Amino acid sequence: RQPTTMASTPTSTPRNPLLTLSYLTIISLWVGAQTVPIPYVINLMVLVTAILYAACHGSLALREEQALARGEKPPKEDKKDGDKDANDGENKDDDEEEEDERPQYETLKAQDAMQFPLLGSASLFGLYLAFKYFDKDTVNLIISVYFCLVGCAALTTTFGPLVEAVGPKSWGSTWFSKHVSFPHPLPESIGGPSPWDLGIDCNVADILAFLGSAGFVAVYFQTKHWTMNNVLGIAFCLQGIERFSLGTYKIGAILLVGLFFYDIFWVFGTDVMVTVAKSLDGPIKILFPRTLTPDPTTNKLEMSLLGLGDIVIPGFFLALLLRFDAHIANVPYFPTNVHASFPKPYFHSAMVGYVIGLATTLFVMIWFEAAQPALLYLVPACLGSSLLCAAVRGELKELFAYSEEEEEKEGEEDDAKKDEKDTKDKKDD
């Protein structure tokens, strides 16, 4: 079970008012859009900004996971001299167990970033062919089942900490654990290292959140109501941005540039992107009602939409910049504090760039009355603003050198080189 932002926020630390406001804004817009005719441009701009701000700050918890993966340990409370001798043996055993249970932390690799637009294109075109040559309702049924399963997990992870925070302390301390390990016959490039280690760690709050989430997705599966679609979409955005790392600025730039051309090709070059977006009945987009009065012929509301990719992909990049800000400001890894106050020049500049890019997208879309590839405007805005900030601050070298990848591989390579050198020396002797 991953560390949660609520549980890891010290009670003595003042809360970040903008972070609290972001969560309140998300809830208020979700509720208000059902009863008040909010202009969809304002609704979209404010909601997406709030989602990004909240999710990026939630991603600060990754810094603690990264530190643990590198072998760093949280500072322990000082003990009395009498207790030290009595607990020396236990501490050594605990250290050995912690070394064995060091979490494995993975980041996006440069090769993966280069391949991502190709894999995305294959998936997108595959969906297009499925909708074109197979029954649309059957395709949507299969996809809906998948998204309901994934959505249940996302909602459980999102609301579990909230249930834990408002419930009795026993809900957060009573744990249930079950782990299973078994080998698999697949190649490592496909199935990963063998054996597979599958397990679940949860408490009472997690179970209650899971039951509520299961009931929610069951109702969504039957109704496909746009408000429930948005709940799942927002949960996907929050969990995706909070739990995924691009690794380095360079890898983030490679991914953004690749998807920049991907978005342009599939929107301007073909009708594939628009067709899939309109045909796919699932929470891959956030819907914004243009009016609360249903169309008399279809009995449906007129909607505008924004794909989750236009939030999550730039969100990965913004979150990386926020963690870079924390790195530059020497914010401690332990304990994780998403409300910590520190200078955030890179995050704020990129956030402003994103808002300008999104506003430009909407302006061009409305002016030309045609769908626009949002990444056409968002990618230059995010990359340009962050590079400009680094150039003004004289920190281009530090920005490009920043890495969240594990450093073990470099050490292993150095050890391998030393072993080769020692072997050669022995042969020479």
message: Suppose all protein chains stay in the model; what accessible area per residue would a 1.4 Å probe give for segment 135-228, in Å²?
response: 62 Å²
- prompt: Taking R0 as 25 Å, what's the FRET efficiency between Y23 and E398 from their Cβ-Cβ distance, rounded to 0.05?
  reply: 0.20
message: Placing +1 on the Cβ of each Lys and Arg and -1 on the Cβ of each Asp and Glu in segment 231-337, which of I311, L322, P289 has its Cα farthest towards the positive end of the resulting dipole?
response: L322
task: Go through segment 289-299 residue by residue and turn each phi into a ³J(HN,Hα) via Karplus (6.51, -1.76, 1.60, θ = phi - 60°); whole Hz please, and just put x for glycine and proline.
output: x, 7, 8, 9, 9, x, 5, x, 7, 9, 6
statement: For segment 251-405, the convex hull over Cα atoms projects on average to an area in nm² of 12.0 nm²
- request: Determine, for segment 208-344, the count of lysine pairs separated by eight or more sequence positions (or lying on different chains) whose alpha-carbon distance falls under 30 Å.
  value: 8
task: Give the carbon-plus-sulfur fraction of the accessible surface of segment 192-298 in %, rounded to a whole number; probe 1.4 Å, heavy atoms of protein chains only.
output: 69 percent
- request: First select every other residue whose beta carbon is under 14 angstrom from the beta carbon of S59; then total the charges, Lys and Arg +1, Asp and Glu -1.
  value: -1
statement: Neighbours of W226 by Cβ distance under 13 Å: Lys/Arg at +1, Asp/Glu at -1, summed charge +2
statement: For H225 the rounded accessible area (nearest 10 Å², probe 1.4 Å, non-protein molecules ignored) is 80 Å²
field: Shape of segment 193-269, Cα gyration tensor, a/c cut at 1.5
entry: oblate
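The values are calculated or read from the model by the stated rules, or taken from the named source; none is laboratory data. All values reported here derive from a predicted model rather than from experimental measurement. In this analysis, Cβ positions are derived from the backbone assuming ideal geometry, glycine residues included, and neighbour counts consider all displayed protein chains. What goes into the accessible areas is simple: the full protein's heavy atoms, side chains included, and nothing from ligands, DNA or RNA. Shrake-Rupley method; radii C 1.70, N 1.55, O 1.52, S 1.80 Å.
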